[in-house]
Amino acid sequence: MLVAIGLRLFAGFGLTAALGSSGQLPNATAAFAVGVTAPLVVAKYFQSIPVSGPGAPQPPEPSLPAARQTGEDADEAPSRPRGSNAAS
């Protein structure tokens with residue numbers, strides 16, 4: 001837990017220092033905003049990476065609609081495309 005906090009502080013401080021030294025931050029409020037949002041953006045990025053391997057949770061298989069499971073829709077005629085004026 002302490003390592004995660006340290007990495008977030010380092011990300012926020014590092015990005016703020018880099019932008020501040022290059023002159024891209026006009027005032028202290030902008031520096032504060034960058035320092036606060038940098039760890040949040042990094043955390044969101046790492047949450048978007050899919051986890052794979054033996055311990056990774058498997059997504060549930062999507063269930064079929066009830067009509068497809070029982071085969072009730074097999075005798076229905078296919079519908080015409082929307083906007084079609086073809087006579088039957």
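General remarks:
- Ordering THR16, THR37 by accessible surface, largest first, gives THR37, THR16; the 1.4 Å probe counts only protein heavy atoms, with every chain in place.
- Largest to smallest accessible area among LEU2, LEU25 [probe 1.4 Å]: LEU2, LEU25
- 3J(HN,Hα) from dihedral phi, region 7-18, Karplus parametrisation 6.51/-1.76/1.60, rounded to Hz, x for glycine, proline: 5, 5, 5, 5, 5, x, 5, x, 5, 5, 5, 5
The values are calculated or read from the model by the stated rules, or taken from the named source; none is laboratory data. Bear in mind that the values here come from a model prediction, so they are computed numbers and not experimental data. Accessible surface areas use protein heavy atoms only, side chains included; no ligands, DNA or RNA. Shrake-Rupley method; radii C 1.70, N 1.55, O 1.52, S 1.80 Å.
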